Amino acid sequence: MTDGVLWGGRFASGPAEVMFALSKSTQFDFRLALLDLRGSVAHANALHAAGLLTDAERQGLVAGIDQLSEQVRAGQFLPEERDEDVHAALERGLTDILGADLAGRLRAGRSRNDQIATLIRMYLREESDRLRTDLVALIDALAGQATTCMGAPMPGRTHMQQAQPILLSHHLLAHAWPLVRDLERLDALGGRLAQSPYGSAALGGTTLGLDPQSVAEELGFSTSVPNSIDGTSSRDLVVEATYIAAQIGVDLSRLAEDVIFWCAQEVGFARLDDAWSTGSSIMPQKKNPDVAELARGKAGRLIGNLTGLLSTCKGLPLAYDRDLQEDKEPIFDSLDQLHMILPAMTGMVATLVFDRDRMRIQASAGFSLATDMADWLVRRHVPFARAHDIAGEAVRYCEARGIGLEDLTDEQLAEVSAELTPDVRQVLTVDGAIEARDGVGGTSTARVREQLERLMGVVDGYRG
Ligand code: ARG
């Protein structure tokens with residue numbers, strides 16, 4: 001074997017320097033070292049079960065792998081300059097511990113193709129747990145604020161224009177439900193990740209009578225892949241994980257945008273805690289929503305990782321192609337980024353302080369009760385199209401006089417339409433408008449309390 005690579009035999013010379021630099025992947029794949037070593041133990045057991053290792057050889061190999069694992073864990077064993085990839089580095093380490101004769105037996109019946117395809121799935125399964133915990137923490141922070149602020153109104157918007165009064169808690173929970181669906185997506189992916197490609201070898205399986213199912217079970221998979229070609233050459237599950245990460249990024253960017261808006265001075269709905277904001281190097285008064293801005297910005301990067309990986313996979317012939325090595329950096333980056341953004345967003349959300357008085361005042365601005373006026377007319381049997389016209393005229397009437405709908409006198413109401421009797425004022429209040437929207441999923445306090453409970457019920461199923 002040429003130093004540092006696993007394929008020297010048929011080559012008269014070693015790789016050119018630039019070729020080696022291009023090929024080398026330890027700078028990103030060494031993070032899979034412990035998973036690779038776990039795979040090696042299972043593989044040693046499979047070789048033993050197939051009669052290819054004696055009891056003593058199996059024991060010796062497992063002991064050597066354990067020792068190397070300890071060194072990796074302690075940071076004492078690291079890739080060297082000449083190691084081509086994580087697999088080559090670990091074989092070098094094992095050879096140093098056990099000698100070439102014993103260490104060199106482990107590679108029988110496996111290929112880096114089935115190894116890496118298995119490792120990335122093991123990695124995604126571990127990372128899904130971490131991501132799940134981070135997501136639950138953010139949902140808890142949103143739910144915590146929703147609980148504290150229960151009953152507080154705010155202006156609801158469509159097209160960024162004030163539309164109808166809603167409960168702040170309702171709005172906060174509207175950012176929590178997409179994250180719940182992300183949890184569900186992760187869960188579904190987990191089911192698909194439960195198949196192990198180990199035993200597929202280079203592409204067609206092995207001649208050595210190894211049992212892929214027992215290796216799968218030893219590694220915590222429920223089964224081995226049904227097709228060794230697909231097992232070694234598909235990366236759709238990595239793409240799917242990258243998509244989920246991008247979707248989380250997009251979900252976070254929408255929450256981030258709201259927080260940034262709420263903290264603008266002209267809006268003044270929320271204030272950031274000092275620990276979760278930054279200052280300006282030139283403007284002493286500034287308190288900037290950097291957490292939210294970085295979360296919003298990183299969504300672009302997460303989407304880029306997804307489109308890059310999809311493009312890499314497009315049109316690749318079966319079976320394994322080296323292009324597939326390009327799957328790792330995008331998904332590693334996406335998950336690393338989320339592991340920073342999610343806890344930061346959680347800290348920021350949990351410590352936001354809302355100006356409820358200001359939000360209440362704004363809740364009735366912009367003629368946001370016009371729909372309530374139209375609905376009131378409908379309840380009096382006016383056709384909605386006409387009711388819409390009348391309420392629209394009332395808005396125009398008020399706009400011309402610089403007053404709100406609730407300021408209209410009895411006479412002014414009558415002037416707009418004979419159908420607008422003084423009773424209409426009962427629905428022209430923010431609280432009335434909110435409490436009247438009492439269908440399931442609506443903004444009335446009882447319904448928002450109900451959905452909060454429902455949310456917590458779903459999220460409890462995802463706690464570790
Ligand atoms: N570093 C490779 C990857 O990440 C491992 C498999 C390499 N296989 C090979 N035949 N060169 O995909």
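Worth a mention:
- Residue that is over 21 Å from His339 (Cα atoms), away from the ligand (no atom under 16 Å from the Cβ) and surrounded by 21 or more Cβ atoms within 10 Å (Cβ to Cβ), where the choices are Ala270, Ala292, Ala246: Ala270
- Given (1) within 16 Å of the ligand (Cβ to nearest atom); (2) in contact with an Asp or Glu (Cβ under 9 Å, 6 or more places away or on another chain), index of the condition Ala299 fails: (1)
- With respect to being surrounded by fewer than 16 Cβ atoms within 10 Å (Cβ to Cβ) and among the small types (Gly, Ala, Ser), Gly297 fits the description.
- Residues in the range 176-211 that are surrounded by fewer than 22 Cβ atoms within 10 Å (Cβ to Cβ) and farther than 30 Å from Val136 by Cβ: Ala202, Leu203, Gly204, Gly205, Thr206, Thr207, Leu208, Gly209, Asp211.
- The residue that is surrounded by the fewest Cβ atoms within 10 Å (Cβ to Cβ), among those in the range 32-57 that are polar (S, T, N, Q) and within 13 Å of Val215 (Cα to Cα), is Asn45.
- Count - residues of the range 96-115 that are within 16 Å of the ligand (Cβ to nearest atom) and among the charged types (D, E, K, R): 4
- Asp357 vs. criteria at pLDDT 95 or above and either farther than 28 Å from Arg271 by Cβ or not acidic (Asp, Glu) (or both): no
Table: residues versus (1) in contact with a His (Cβ under 7 Å, 6 or more places away or on another chain); (2) aromatic (Phe, Trp, Tyr); (3) crowded, with 20+ Cβ neighbours inside 10 Å; (4) in contact (Cβ under 8 Å) with a residue 60 or more places away in the chain.
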site: Gly93; (1), (2), (3), (4): no, no, yes, no
site: Asp96; (1), (2), (3), (4): no, no, no, no
site: Asp101; (1), (2), (3), (4): no, no, no, no
site: Arg112; (1), (2), (3), (4): yes, no, yes, yes
site: Ala117; (1), (2), (3), (4): no, no, yes, yes
site: Met122; (1), (2), (3), (4): no, no, yes, yes
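- Residue that is surrounded by the fewest Cβ atoms within 10 Å (Cβ to Cβ) [pool: residues in the range 3-31 that are touching a residue at least 12 places away in the same chain (Cβ under 8 Å) and among the hydroxyl-bearing types (Ser, Thr, Tyr)]: Ser23
- Within the range 136-239, helices (runs of 4 or more DSSP H) holding 2 or more residues that are touching a Leu at 6+ places or on another chain (Cβ under 7 Å): 168-192, 228-233
- For the range 353-366, a residue qualifies if it is surrounded by fewer than 20 Cβ atoms within 10 Å (Cβ to Cβ) and outside any helix (DSSP H, G or I), and the qualifying residues are Val353, Phe354, Asp355, Ala365, Gly366.
- Pairs meeting the criteria (first residue in the range 134-145 and under 13 Å from Leu252 (Cα atoms), second residue acidic (Asp, Glu) and part of a helix (DSSP H, G or I), beta carbons under 7 Å, at least 6 apart or on different chains) are Leu135/Asp182.
- Residue in the range 398-409 that is touching a residue at least 12 places away in the same chain (Cβ under 8 Å) and within 30 Å of Asp182 (Cα to Cα) present: no
- Test: Pro178 is of a type outside the set (D, E, K, R) and in contact with a Phe, Trp or Tyr (Cβ under 7 Å, 6 or more places away or on another chain): no
- Here Leu335 meets each of (1) touching an Asp or Glu at 6+ places or on another chain (Cβ under 7 Å); (2) closer than 21 Å to His171 by Cβ with one exception, condition (2).
- Against the criterion of being surrounded by 15 or more Cβ atoms within 10 Å (Cβ to Cβ), within 16 Å of the ligand (Cβ to nearest atom) and either among the small types (Gly, Ala, Ser) or not in a helix (DSSP H, G or I) (or both), Ala88 qualifies.
- Wholly within the range 404-464, helices (runs of 4 or more DSSP H) carrying at least 2 residues that are in contact with a strand residue (DSSP E or B) (Cβ under 8 Å, 6 or more places away or on another chain): 430-436, 445-460
- Unmet criterion (only one of (1) exposed (fewer than 12 other Cβ atoms within 10 Å of the Cβ); (2) within 30 Å of Leu179 (Cα to Cα)) for Pro383: (2)
- Residue in the range 327-336 that is away from the ligand (no atom under 16 Å from the Cβ), part of a helix (DSSP H, G or I) and touching a helix residue (DSSP H, G or I) at 6+ places or on another chain (Cβ under 6 Å) present: yes
Residue by residue, here is whether (1) farther than 16 Å from Leu34 by Cα; (2) aromatic (Phe, Trp, Tyr); (3) away from the ligand (no atom under 16 Å from the Cβ); (4) touching a helix residue (DSSP H, G or I) at 6+ places or on another chain (Cβ under 6 Å) holds:
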site: Ala56; (1), (2), (3), (4): yes, no, yes, no
site: Ile65; (1), (2), (3), (4): no, no, yes, yes
site: Ser69; (1), (2), (3), (4): no, no, yes, yes
site: Ala74; (1), (2), (3), (4): no, no, yes, no
site: Asp83; (1), (2), (3), (4): yes, no, no, yes
site: Leu94; (1), (2), (3), (4): no, no, yes, yes
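The values are calculated or read from the model by the stated rules, or taken from the named source; none is laboratory data. These figures come from a predicted structure and were not determined experimentally. Neighbour counts run over all protein chains shown; Cβ positions are idealised from the backbone, glycine included.
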